[in-house]
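Right, one structure below, let's go through it.
The values are calculated or read from the model by the stated rules, or taken from the named source; none is laboratory data. Here the structure is a predicted model, which is why all the values come from computation and not from measurement. Neighbour counts run over all protein chains shown; Cβ positions are idealised from the backbone, glycine included.
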Amino acid sequence: MRPADQLAQFVAEALKEGRSRAEIAAALQQAGWAQNEVTEALNAWADTGFIPPVPRPRPYVSAREAFLYGLMFLALAMTAWNITTLGFELIELWLPDIADSYSRYNVGTVRWSISVLVVFFPLFLVMNTRAQRAAHADPGKRRSAVRKWFGYIALFLAALTLLGDLIAVIYALLSGDLTARFFAKAVLVALTAGLIFLYFSGETREAENAS
């Protein structure tokens, strides 16, 4: 039996015998269990005084949700990437730099980005809407560990993008290369990553509250 399972079993048996939470915590700490381990084990059971102890809802993992959220994550990534790519090409067109011989408006890239967005953006909207409706109909789905991981990974990547974008702007400013075209691209990246970060901040907050 794993140590975590032994701890959970001990806490359950102690609560069944009518031991107080303070007594259980003191015994476990005396035996060498860490404070966070003791707190987590006790929090797994509702403090209702009911015998046998009532378990609290716990996060769960579903293979079906792993597939759906994985596909939704792919749709989000492709949408964000191609919105940025399309925006870059339009900025190249609207704010040309004559001094930059490598700056060219690529029609093929624009067509490809539009094609990707036509497929993946509606896919993300449909799947995200279905996930939201399912969570409202069954609040237990907000405890999905897959949903929580999806939200935190999206937050992590968005935060990295925002930090990298800020570093690039500061470097260009210090180098004297902060042109209007460069600044417009940086703003586009910041807006895209910022919207994703704000949206999934709310998502992860709801998931934490449901846990």
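What residue, of A145, A137, A154, is crowded, with 17+ Cβ neighbours inside 10 Å and within 18 Å of E206 (Cα to Cα)?
Residue meeting the stated conditions: A154.
Within segment 107-211, which helices (runs of 4 or more DSSP H) (wholly inside it) include 3 or more residues that are of a type in the set (G, A, S) and in contact with a Phe, Trp or Tyr (Cβ under 8 Å, 6 or more places away or on another chain)?
145-175
If the requirement is being of a type in the set (D, E), modelled with pLDDT of 85 or more and within 28 Å of R147 (Cβ to Cβ), which of these qualifies: E89, E40, E65?
From the options E89, E40, E65, the qualifying one is E65.
List pairs: first in segment 159-174 and in the same structural domain as V189 (by TED's automatic domain parsing) and under 19 Å from W81 (Cα atoms), second of a type in the set (S, T, N, Q) and surrounded by 15 or more Cβ atoms within 10 Å (Cβ to Cβ), Cβ under 9 Å, 6+ apart or cross-chain?
T161/T192
Return only the number of the condition from (1) charged (D, E, K, R); (2) farther than 21 Å from L188 by Cα; (3) assigned by TED's automatic domain parsing to the domain that holds G151 that E92 does not satisfy.
(2)
Restricting the search to segment 144-175, which residues are closer than 12 Å to E65 by Cα and among the charged types (D, E, K, R)?
Within segment 144-175, R147, K148 meet the criteria.
Do we have P57 as modelled with pLDDT under 80 and within 25 Å of T204 (Cβ to Cβ) here?
Criteria met by P57.
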